[in-house]
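So the structure is just underneath, and the comments pick up after that.
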Amino acid sequence: ITTINTTAFDQYESNVRSYCRSFPTVFRQAQGALLYNEQQRAYIDFFAGAGALNYGHNNPQIKQVLLEYLESDQIMHGLDMYTSAKRSFLERFNQVILAPRNLPYKVQFCGPTGANAVEAALKLARKVTGRTSVISFMGGYHGLSLGGLAVTGNADHRAAAGVPLAHTNFLPYPRGPLAAIDSLNYLETVLTDTHSGFDKPAAIILETIQAEGGIYVAPTEWLQGLRHLCDRHGIVLICDDIQVGCGRTGSFFSFEDAGIVPDLVTLSKSISGYGLPMALVLIKPEYDQWQPAEHTGTFRGNQLAFVGATAALDYWQTDTFSKAIHTLAQQLETFLQTQLLPLDQRLTIRGKGLVWGIDFAELGPAASKAIMQECFAQGLIIERVGRGDSVLKIMPPLTIDSALLAQGCAILQQVVQTYLA
Ligand code: PMP
C-alpha cells in the first residue's frame, strides 16, 4: 500500500490547513466524472462533491446556458428582488418537478449552503408549532452550524464546537445495536402517555438515507409509519434531501418511492446543477407562516445558481434520466454483490440508486483508510463516512458512463483484493 506524503503541502499553509489530507494533490480541471490535477493526471470521481455534482463536472449543457447568461450582462446579485433568473427557476421547478408529482410546495430560498436550509426548516417548524424540541436520529448529519449540529447525531462533530444535543436525539430506524428496538412504537408510547414527561416536539428531521452516517437506508414501512406518527401528533416532518435528493436514488426526491410527503424538504448540493451554492426549503403551503424580514440573508438565491438549476431540470422533463440512473445503479449493485462481497465475508454493503457504502469495520480500524489512500494512488477518488470512518461511500456523478463506472469499480476491487492478500 502506497503511503502518501502530505508534508510537501505544509509549506504553503499559514494558520488554517486548506489542503485535503484524503486527496493530497492540487486539482485543476474536471469533466464529467473525471478530475485532473496540475500534472494532468486523471482521477475517476466516486465522490462527486458529496452529492453536489450529480450532473457531473462542467456539464456541457448547463455550462452553455451559464456562459450565455454571463455574456448578456444579466443580474448577478439581486438580494430579495425578483429577477428573470429566479422566476424562470420557479416556473420550471413547478412545471418539471412539483406539478407532475402533485406536490404543492412553496419554495423558500436560503443560502448559500445546505446548513442554511436546515436552519430555516428548524426555525419554521418551531414557529408554526410553538414548540421547541426536535427529534433527530443517531448517525444523522444536518450540517455544522449550531442548529444543524444540535440535530446531528454525531458526538465528535458536536464536541468540537461544544454544542450539546439541544434536541431529543432519538433511536435510528432499525439498524445496528438498536435494531431490536421498535423506535416508532417507543415514540408513539411516550408521545401518547401524558405522564411520560416527554415534550411534544416541533419536528422530526431525518435523511431517508443517512449518507455521512454510513449509508443506512430507511425502510419504506418505517418512513410511512413515521409520517403517520407525525400526522397523529401534529409534528412537522422534515426530510433533509440535501445529499441524497436531486436524483441520487433514481427519483428526484429520495422519499418518492416510499410514497410519503414530508411537510418541509431541504435541498442543496446538486440543486444548482453545476456545483454552485444554492439551498432551499420546500414548504407545505399551510406552513408558510413567515412574516416579512423574519428569515432573510444577503446570499439567499445566487442568480447563476438559478440559471444552472433551471438548465439542470431539463434532465427531469422525461423519465429517460431516471431510467439511466437505474441502469447504472443495477450495474453498481451487481458489481458489489458479485465481485466485491465475495472477496471477504467480513464485508457488508448498503445502499440504493447511485449511493452505496462498503463497510470495512470488521476488517479493523485501519482498513478503510488504507484502501481509500491506495484507490487515490490508483486514480480513484472515494470518500469515507460512518462510524469510525469505516465505510467507503460510492457516489459518482449520475451522468457517469457505464465504462468509467466499471473502470472505477475495477480499481476498487483490485485495491481491496491486494489489501486482503
Ligand atoms: N444535510 C445533509 C444530509 C448533508 O449531507 C449535508 C452536507 N454533507 C448538510 C446537511 C450540510 O450541508 P452544507 O455542508 O452545505 O452546509
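Observations on the structure shown:
- Single match in SER251, SER272 (criterion: in contact (Cβ under 8 Å) with a residue 40 or more places away in the chain, within 16 Å of the chain's Cα centre (by Cα) and more than 16 Å from the ligand (Cβ to nearest atom)): SER251
- Of residues in the range 254-269 being in a loop (DSSP other than H, G, I, E, B) and within 14 Å of the ligand (Cβ to nearest atom), the one nearest to LEU66 (Cα to Cα): SER268
- All conditions but one from (1) at pLDDT below 95; (2) loosely packed, with under 13 Cβ neighbours inside 10 Å; (3) polar (S, T, N, Q) apply to SER22; the one that does not is (2).
- Hey, LEU149 part of a helix (DSSP H, G or I), within 15 Å of the ligand (Cβ to nearest atom) and within 30 Å of GLY308 (Cα to Cα) or not: yes
- For PHE109, the conditions (1) closer than 28 Å to GLN317 by Cα; (2) more than 16 Å from the ligand (Cβ to nearest atom) are fulfilled apart from (2).
- Restricting attention to the range 353-408, the residues that are part of a loop (DSSP other than H, G, I, E, B), surrounded by fewer than 21 Cβ atoms within 10 Å (Cβ to Cβ) and on the phi > 0 side of the Ramachandran plot add up to 2.
- Residue list for the range 220-248, filter: free of Cβ contacts under 8 Å to residues at least 40 places away in the same chain and of a type in the set (Asp, Glu): GLU221, ASP231, ASP241
- Test result for LEU237, away from the ligand (no atom under 12 Å from the Cβ) and within 21 Å of SER136 (Cα to Cα): yes
- Answer from ARG101, ARG92, ARG87, ARG28 - the residue that is in contact (Cβ under 8 Å) with a residue 12 or more places away in the chain and over 14 Å from ILE271 (Cα atoms): ARG101
So that you can scan it fast, the table gives a plain yes or no per residue for (1) more than 16 Å from the ligand (Cβ to nearest atom); (2) out of contact with any Lys or Arg (no Cβ under 9 Å at 6 or more places or on another chain):
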site: PHE47; (1), (2): no, no
site: ASP73; (1), (2): yes, yes
site: LEU79; (1), (2): yes, no
site: GLU91; (1), (2): yes, yes
site: VAL96; (1), (2): yes, yes
site: SER136; (1), (2): no, yes
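- Residues that are farther than 14 Å from LEU124 by Cβ and not in a helix (DSSP H, G or I), drawn from the range 220-238: GLY234
- Within the range 346-398, the set of residues being out of contact with any Gly (no Cβ under 7 Å at 6 or more places or on another chain) and modelled with pLDDT under 95 comprises GLY364, GLY388.
- Contact annotation: residue pairs with Cβ atoms under 8 Å, 6 or more positions apart or on different chains, pairing a residue in the range 50-64 that is farther than 20 Å from LEU404 by Cα with a partner that is part of a loop (DSSP other than H, G, I, E, B) and within 16 Å of the ligand (Cβ to nearest atom), are ILE62/GLY273; ILE62/TYR274; LYS63/TYR274.
- Residue within the range 188-208 that is more than 17 Å from VAL118 (Cβ to Cβ) and either within 16 Å of the ligand (Cβ to nearest atom) or under 23 Å from the mean Cα position of the chain (by Cα) (or both) present: no
The values are calculated or read from the model by the stated rules, or taken from the named source; none is laboratory data. Worth saying up front: this structure is predicted, and the values here are computed from it rather than measured. Positions of Cβ are generated from backbone atoms using ideal geometry, with glycine treated the same way; all protein chains shown enter the neighbour counts.
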